[in-house]
C-alpha cells in the first residue's frame with residue numbers, strides 16, 4: 001500500500017466519522033430536561049351572570065389566584081349588560097372569587113385595558129394602550145398615558161402619569177400607551193415596557209412614582225415614530241435589526257436583576273442590566289416572535305418563555321439559546337400576554353381567543369447519547 005493510498009483511506013475515514021457523528025460535540029447544544037404541560041380544560045369557571053371581553057393579560061398573586069384583565073367594551077351589544085368588571089379573579093382550580101375595576105373617583109381608568117401585574121407587596125398595576133385616533137366606538141379619543149396601582153381588592157393607591165398628557169419618549173412624568181410592567185424587589189423599582197406610543201423601558205420608584213431613568217433599544221436613548229396603527233417591518237434584514245423598539249410589549253426582571261424586553265414587531269428579545277446597559281439579544285424573524293414573556297418560577301429561573309408563532313418558545317435566559325417549544329393539544333396559541341404561577345403552570349391571555357391554563361406536568365426525560 002502506497003503512502004498516498006494510506007493518506008486517502010485516513011481522509012475517507014475522517015469524513016465518514018464526521019458524517020456519522022454530525023457537528024463536533026463542542027458545537028452541539030447538549031440535551032436537557034424541559035418542562036411539559038397539558039391544557040386544563042376546566043379552567044376557569046366564569047359565572048353565568050358575567051361575560052368576558054377580549055382577554056388582554058393575567059397576573060398571579062401570592063396564593064396563585066389569577067387576576068384576569070379583560071376589555072368589557074369589546075363585548076357584542078347583546079352581551080354588554082352582562083359585562084364583568086375589568087378585573088376578574090379566579091382561584092387555582094378556576095373558581096370565581098371576585099371582580100372589580102373600571103371608572104372610579106380619583107383616578108383615570110384606561111380606555112383600552114392592556115397589562116396587569118401583581119408585585120411583591122401584593123399591589124396590582126394596570127395600564128392601557130388606547131390611541132386617541134383609533135376611532136374605536138365607545139372609547140374616548142384619548143391616549144392611555146397613565147399607570148394605576150391598586151390593592152388586591154381594587155382600592156386605588158397611586159396613579160403615575162395622566163391620560164392624554166404624554167410628551168413623548170423623553171417625558172419623565174407620563175407613560176404613553178404602556179404595555180407591561182414588573183418590579184425589582186431589591187431596589188423597589190417599577191420597570192415599564194412603555195411600548196405602544198413610546199419606544200422605551202422607563203423606570204419609576206414603586207412607592208412614589210418618581211422617575212428614575214429610561215432607555216431604548218440596545219441601551220441607547222429612546223426614539224421612534226409614534227403611530228396609532230401598528231406598523232411592523234415587511235422584510236427583515238440580517239443583523240441586529242432596527243435601532244428603535246417597535247412595540248415594547250412585555251417585560252420581565254429576573255431575580256438577579258436582568259431585564260428582558262420583548263420587542264414584538266422587531267421579533268426580538270433584548271436583555272439589559274438593571275441600569276439599562278445592553279447585554280445581548282435573540283432575533284427570530286421567520287415567524288411572529290417576542291409577543292410575550294414569562295420566567296419559570298424555580299429559584300434559578302432556568303427557563304424564559306417567549307410567545308412565538310403558534311407556540312411558546314423555551315429559552316435559556318442566560319444564553320438565549322432555544323431549548324424547545326411548548327405546543328400541546330388544545331393550546332390556544334402563543335398568547336398576547338403570558339404568566340407563570342408558583343407551581344410552574346402557564347397562563348395564556350389570547351385576546352379574542354380567550355384564556356387558558358397550561359398545567360405543569362413535570363420535566364421531560366433526557367435521552368442518553
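Throughout, read-outs are computed from the coordinates displayed, never taken from laboratory work. Keep in mind it's a predicted model, so treat the numbers as computed, not measured. Here the Cβ is made from the backbone with ideal geometry for all residues, glycine too, and neighbour counts use every protein chain on show.
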Report task. Take the range 257-278 and flag every residue that is assigned to a loop (DSSP other than H, G, I, E, B) and farther than 19 Å from residue 213 by Cα. Result -> 264, 265, 266, 267
Report task. Please note which strands (runs of 3 or more DSSP E) are completely contained in the range 315-356 and include at least 3 residues that are under 15 Å from residue 292 (Cβ atoms) and in contact (Cβ under 8 Å) with a residue 60 or more places away in the chain. Result -> 337-340, 346-349
Query raised in the report: With respect to the numbered conditions (1) surrounded by fewer than 24 Cβ atoms within 10 Å (Cβ to Cβ); (2) within 24 Å of residue 240 (Cα to Cα); (3) under 13 Å from the mean Cα position of the chain (by Cα), which one is the sole condition not fulfilled by residue 350?
Result: (2)
Requested in this report: Name the residue, out of 153, 171, that is surrounded by 14 or more Cβ atoms within 10 Å (Cβ to Cβ) and assigned to a loop (DSSP other than H, G, I, E, B).
Outcome: 171
Query raised in the report: When you look at residue 263, is it in contact (Cβ under 8 Å) with a residue 12 or more places away in the chain, surrounded by 14 or more Cβ atoms within 10 Å (Cβ to Cβ), under 30 Å from residue 186 (Cβ atoms) and out of contact with any strand residue (DSSP E or B) (no Cβ under 7 Å at 6 or more places or on another chain), yes or no?
Result: no
Report summary line: If we keep only residues of the range 184-231 that are in a loop (DSSP other than H, G, I, E, B) and within 18 Å of the chain's Cα centre (by Cα), then the residue farthest from residue 129 (Cα to Cα) is 216
**Report entry** Residue that is in contact with a strand residue (DSSP E or B) (Cβ under 8 Å, 6 or more places away or on another chain), free of Cβ contacts under 8 Å to residues at least 24 places away in the same chain and either assigned to a loop (DSSP other than H, G, I, E, B) or under 24 Å from residue 134 (Cβ atoms) (or both), where the choices are 287, 235
**Finding:** 287
Query raised in the report: What is the one condition in (1) under 30 Å from residue 205 (Cβ atoms); (2) in contact (Cβ under 8 Å) with a residue 40 or more places away in the chain; (3) in a loop (DSSP other than H, G, I, E, B) that residue 365 does not satisfy?
Result: (1)
